[in-house]
Structure formats: C-alpha cells, structure tokens
Amino acid sequence: MSTWSPDAVKEIASFTNDSTRTFAASRKKAVWLFLGSLCFIALGVWISSEKPWLGWITVAFSTLGIPASFAMFLPGAMYLKLDAEGFELKSLFNTHRTKWTDVAGFRIGTLHHNRMIAIVYHPSYQRQKLGRALASSLAGMEGAIPNSYNASLDEILQSLDMWKSRFG
C-alpha cells in the first residue's frame, strides 16, 4: 500500500457504497496503437519478400491491433470501473468482474517491456486457478490491467489501492 496524500485520504472518506469511478479507454493510446499496427504491417510486408513466413506472421499478428484500436474509440466498449463490490474490466465483447476480497493487492508489472498493473490474487481465491498459474509462469503475474486508460498507471494503481482499502 502506498502513502496517500491528504486529498487521497479525504477521497477515501467520501466513498459510499453507491460510489463508482470509471476509467475510459484512452483515445491517445488508441491512435498510437493504430499507427504502431500500421508500421508493423508495413514492416511485415517488406520482410515477406525475404522471409515469407516471418513477414506474413508479422502482418497477421499486427493486423489485430487495428480493430483493437477502433474498439477503444467506441463509447463504453472498453473501461475499468471501480465500485464498492470490486472492479470490472470491459473490452469490446468481454466483461470480467473481480471482488475486492478476491485480491491480495496490486503492483506495477511489465510484460515484454509494456508496463501494466499486475493483480495479485488472494491465496484463498480458487477460481481460474490453472489459468492464473499458467499466466504467472509465463508472464510473472496472475492477472493484469492494461495501460489503455485515460489516466496514468500510477493514478489507477493508487485508486485501486484506495478502493480496496476502503471496501476490501
């Protein structure tokens, strides 16, 4: 748990069971994802003349970023919502809800040089145990919150810590 400013302490005190905080998808990050995907698609096409299999795998994988970036522009298609029960991650067609009591804590983590918030589940949390073990062995974290929202990871991490402290 981090040290909170006096303003953060006041914010925690103001939380009620009806309070919510929502972080929407960042349009700026969506534009960067779109442009990065286009660059890698172009790179893949260029590579395909020398190494066709590598070039077309690069194109296929990079193409996935195009619809993901468009989805980030759709209102309500992607968000992180905090409430008294826990937090909810929504990404286009998938919504995942986690209770505060299922989480031991949060920390900043990295996966392939990408910063994100790692979710540390409580030892008593039994759901998705095999998947979490696999994710932990491959990525070093059981779950993650991506760096795709309209706030810095540090701000989101502090909010998660505050909400868990108040309601968890």
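Summary of computed values
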quantity	calculated
Residue tally, condition at pLDDT below 75 and among the hydroxyl-bearing types (Ser, Thr, Tyr), over the range 117-148	2
Subset of the range 86-110 (residues that are over 28 Å from Pro75 (Cβ atoms) and part of a helix (DSSP H, G or I))	Thr101, Asp102
Of all residues making up the range 111-168, the number that are assigned to a strand (DSSP E or B) and either within 27 Å of Gly36 (Cβ to Cβ) or of a type in the set (A, V, I, L, M) (or both)	12
Criterion violated by Leu74 - all others in (1) closer than 22 Å to Thr20 by Cβ; (2) over 15 Å from the mean Cα position of the chain (by Cα); (3) modelled with pLDDT under 90; (4) surrounded by 13 or more Cβ atoms within 10 Å (Cβ to Cβ) satisfied	(4)
Answer residue from the range 1-39, given it is hydrophobic (A, V, I, L, M, F, W, C) and more than 22 Å from Ile108 (Cα to Cα) and is modelled with the lowest pLDDT among those	Ala13
Single residue of the range 94-132 satisfying the filter (of a type in the set (Ser, Thr, Tyr) and surrounded by 16 or more Cβ atoms within 10 Å (Cβ to Cβ)) that is farthest from the chain's Cα centre (by Cα)	Tyr125
Glu85 vs. criteria farther than 20 Å from Arg27 by Cα, surrounded by 18 or more Cβ atoms within 10 Å (Cβ to Cβ) and acidic (Asp, Glu)	no
Residues within the range 133-165 that are surrounded by fewer than 18 Cβ atoms within 10 Å (Cβ to Cβ) and touching a residue at least 60 places away in the same chain (Cβ under 8 Å), tallied	4
Condition met for Ala68 (at pLDDT below 90 and of a type in the set (Gly, Ala, Ser))	yes
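Yes or no, residue by residue, for (1) within 25 Å of Ser152 (Cα to Cα); (2) surrounded by 14 or more Cβ atoms within 10 Å (Cβ to Cβ); (3) free of Cβ contacts under 8 Å to residues at least 40 places away in the same chain:
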{"residue": "Thr22", "(1), (2), (3)": "yes, yes, no"}
{"residue": "Gly44", "(1), (2), (3)": "no, yes, yes"}
{"residue": "Ile47", "(1), (2), (3)": "no, yes, yes"}
{"residue": "Lys51", "(1), (2), (3)": "no, no, yes"}
{"residue": "Ile57", "(1), (2), (3)": "no, yes, yes"}
{"residue": "Tyr79", "(1), (2), (3)": "yes, yes, no"}
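The values are calculated or read from the model by the stated rules, or taken from the named source; none is laboratory data. Bear in mind the structure is a predicted one, so any value in this text is a computation, not a measurement. Virtual Cβ from ideal backbone geometry, glycine too; neighbours counted across all protein chains shown.
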